[in-house]
Amino acid sequence: MATLIFDIETIGTPWGEIDETTKAALIKWIKHTHDQDESELHIRNVKSQLGLSPLTGSIVSLALYDLERQQGVVYVVSNESTEAVTDSSYVIKTRTEKELLEDFWEGSRSYDVFVTFNGRQFDVPFLLHRSVANEVRPIVELNKHRYITQQSYPYHVDLMEELTFNRAMLRRSSLHMFCQAYGIERPKEARDSTTVAQLVYDKDFVTLANYNAADVVATTALYDKWKQYLAPASFINSLEF
């Protein structure tokens, strides 16, 4: 049994590099806002959220943790050669986005269980679409079945889905909120996409890697809680074989 826990960090494409048709599509609804200050605020919000879509953003960091081997690595997208150890003992390695994707998919062959937080809605679609953009063929089907009881190897345990009972809970809860509720220490402060973009701009790849790795550390602890108390018996039984 081999388990891989992962998380990505993304940034948006600079506004000036986006074609006019796409720009128009992103902000056309704002034309119905008559207040100039409100319109400018909406446009700033659109620009700040470009990194939330693989169609207007790219991957700048990918953190991976092999649960059984207790080994972690963070791939950061940079043209500069960097190899170091983060505060949480994850090795940092630099790649282009295409190399990062190639390494991820090739390595994915070796795993039986993949664990994410909100990976079904965000991380995996981002990885898939950025793979197409970089002409890299995905190898493992990570989103083939939503419900864990209908899955077989390789499993994709999306803890956002599992802990909200496939989003049946009324309020959407974050990774931080679940960690707080379960008494799991969060090794980083809350941040937003502008923080990641600034770290990339500053070429502060060690801090970026720490941010990314910290999410995987928290997801690993959350997975342990879920597996111990909430995981379906069919899933637990499958791990014994």
Exercise. What are the pairs, 6+ residues apart or on separate chains, where a residue within region 201-219 that is without any contact (Cβ under 8 Å) to a residue 40 or more places away in the chain has its Cβ under 8 Å from a residue that is surrounded by 23 or more Cβ atoms within 10 Å (Cβ to Cβ) and not small (Gly, Ala, Ser)?
Worked result: THR207/LEU199
Problem set entry | SER131 vs. criteria of a type in the set (Ser, Thr, Tyr), in contact (Cβ under 8 Å) with a residue 24 or more places away in the chain and closer than 28 Å to LYS47 by Cα | yes
Problem set entry | Residue ID - farthest from THR96 (Cα to Cα), chosen from residues in region 9-38 that are of a type in the set (A, V, I, L, M) and in a helix (DSSP H, G or I) | ILE30
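Taking only region 143-176 into account, find how many residues are in a helix (DSSP H, G or I) and surrounded by 12 or more Cβ atoms within 10 Å (Cβ to Cβ).
The initial filter retains those residues of region 143-176 that are in a helix (DSSP H, G or I), namely 148-150, 159-163, 175-176.
Of the ones still in play, those that are also surrounded by 12 or more Cβ atoms within 10 Å (Cβ to Cβ) are 148, 159-163, 175-176.
Summing the residues that are in a helix (DSSP H, G or I) and surrounded by 12 or more Cβ atoms within 10 Å (Cβ to Cβ) in region 143-176 gives 8.
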Exercise. Of the residues that make up region 135-144, is at least one over 17 Å from the mean Cα position of the chain (by Cα), of a type outside the set (Gly, Ala, Ser) and under 24 Å from TRP226 (Cα atoms)?
Worked result: yes
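Scanning region 27-56 for residues that are aliphatic (A, V, I, L, M) and within 28 Å of PHE104 (Cβ to Cβ), which turns out surrounded by the most Cβ atoms within 10 Å (Cβ to Cβ)? Show your work before the answer.
Within region 27-56, the first condition is being aliphatic (A, V, I, L, M), and the residues that meet it are 27, 30, 41, 43, 46, 50, 52, 55.
After this cut, where a residue has to be within 28 Å of PHE104 (Cβ to Cβ) as well, the list is 50, 52, 55.
Details: LEU50: 22, LEU52: 14, LEU55: 14.
Across region 27-56, the extreme among qualifying residues is LEU50.
Within region 23-38, can one find any residue that is at pLDDT 95 or above, among the aliphatic types (A, V, I, L, M) and over 24 Å from ASN212 (Cα atoms)? If you could, list the steps in order and put the result at the bottom.
The first filter runs over region 23-38 and keeps only residues at pLDDT 95 or above, leaving none.
No, region 23-38 contains no residue that is at pLDDT 95 or above, among the aliphatic types (A, V, I, L, M) and over 24 Å from ASN212 (Cα atoms).
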Exercise. Taking region 178-190 as the search range and keeping residues that are in contact with a helix residue (DSSP H, G or I) (Cβ under 7 Å, 6 or more places away or on another chain) and either within 20 Å of GLU161 (Cα to Cα) or surrounded by 11 or more Cβ atoms within 10 Å (Cβ to Cβ) (or both), which one is modelled with the lowest pLDDT?
Worked result: LYS188
Exercise. Taking VAL91 and the conditions (1) over 16 Å from PRO54 (Cα atoms); (2) touching a helix residue (DSSP H, G or I) at 6+ places or on another chain (Cβ under 6 Å); (3) of a type in the set (Val, Ile, Thr), which numbered condition does it fall short on, given that it satisfies the others?
Worked result: (2)
Problem set entry | region 159-185 residues that are closer than 14 Å to THR220 by Cα, paired with ones that are at pLDDT below 95 and surrounded by fewer than 14 Cβ atoms within 10 Å (Cβ to Cβ) (beta carbon under 7 Å, 6 or more apart) | HIS176/ALA190
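The values are calculated or read from the model by the stated rules, or taken from the named source; none is laboratory data. Note that the structure is predicted; figures quoted are calculated from it, not measured. As a convention, Cβ positions derive from the backbone with ideal geometry for all residues, glycine included, and neighbour counts pool all protein chains shown.
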